[in-house]
Amino acid sequence: MKIIFVGPPGAGKGTQAKLLSEKLRVPHISTGDMLRNLDGNTALGKKAKEIMGRGELLPDDIMVKLVNERISQADCSTGFILDGFPRSVTQAEELDKIMAATKRSLDIVLAVMVDDKVLEDRIAGRAAQEGRKDDNPEAFRQRLKAYRASTEPVLAYYKQKGLLRSVDGSKSVVEVTVAINRSLDEQNQAPDKRLKQSS
Ligand code: AMP
């Protein structure tokens, strides 16, 4: 299956994407992890570090190239789970083109929805546990702003294509996993509701 996770920072999409990738045995592709793993001595690595530290989004062309290279690899032939991409309508459109060119199509887009106050508390907890540089309050506010401005419109984009399913990410990890599995079942049983991706 080809699955996308969308959600604000701290919604728990990384945790759920990892669990689902283990269950379905398809690669979990986190663009945030890909960027964090770039060599910090390269021009791209330096640029990524700077932009991420500010809580801003990297340019679409860089992200599309990174993701295209990754999903073209053999281990993605049966499917993949994208976590953190697309984060803009441009990225979503470019992904559609890549999928169409390789005669593939997305199966479902899972939106993990959580209120801002819950997100703020979670990010503060994660900052203490994991020490991510962009989990400080200022970068978090910027990430939330980038989510509202650039990523939220992606939900409407996929809704219009009949691919969007939303789950309440404020529940426990187990409850969210159950809701995701239910959404997958429902989407699988209603393929006729899905519009053609090219439409
Ligand atoms: P994440 O680990 O998904 O929260 O991503 C961490 C940071 O990586 C984001 O705040 C952005 O700076 C950057 N990033 C990850 N994915 C993308 C993307 N698809 N487009 C632009 N920037 C991204």
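The values are calculated or read from the model by the stated rules, or taken from the named source; none is laboratory data. Since the structure is predicted, the reported quantities are computational estimates derived from the model, not experimental observations. In this analysis, Cβ positions are derived from the backbone assuming ideal geometry, glycine residues included, and neighbour counts consider all displayed protein chains. Heavy atoms of the whole protein, side chains included, go into the accessibility calculation; ligands, DNA and RNA do not. Shrake-Rupley method; radii C 1.70, N 1.55, O 1.52, S 1.80 Å.
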Positions within the range 61-98 being crowded, with 17+ Cβ neighbours inside 10 Å, near the ligand (Cβ under 9 Å from one of its atoms) and in a helix (DSSP H, G or I), in sequence order: MET63, VAL64, LEU66, VAL67, GLN91
Scope the range 154-172; condition closer than 30 Å to ASP96 by Cα and loosely packed, with under 14 Cβ neighbours inside 10 Å; matching residues: ALA156, GLN160, ASP168
Contacts under 7 angstrom Cβ, first residue in the range 139-157 being on the phi > 0 side of the Ramachandran plot, partner open to solvent by less than 50 Å² (accessible area, probe 1.4 Å) and away from the ligand (no atom under 11 Å from the Cβ), 6 or more apart: none
Residues of the range 41-53 satisfying the condition of being surrounded by 11 or more Cβ atoms within 10 Å (Cβ to Cβ) and either within 8 Å of the ligand (Cβ to nearest atom) or not in a helix (DSSP H, G or I) (or both): ALA48, ILE51, MET52
Residue match in the range 114-134 (condition: farther than 23 Å from ARG36 by Cβ, in contact (Cβ under 8 Å) with a residue 40 or more places away in the chain and not acidic (Asp, Glu)): yes
Enumeration of residues in the range 157-182 that are farther than 25 Å from MET52 by Cβ and within 15 Å of the chain's Cα centre (by Cα): LEU163, LEU164, ARG165, SER166, VAL167, ILE180
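Among the residues of the range 107-123, is there at least one that is more than 18 Å from PRO8 (Cβ to Cβ) and either more than 19 Å from the chain's Cα centre (by Cα) or polar (S, T, N, Q) (or both)?
So far as the range 107-123 goes, no, none of its residues is more than 18 Å from PRO8 (Cβ to Cβ) and either more than 19 Å from the chain's Cα centre (by Cα) or polar (S, T, N, Q) (or both).
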Selection status of ARG122, outside any helix (DSSP H, G or I), crowded, with 18+ Cβ neighbours inside 10 Å and of a type in the set (D, E, K, R): no
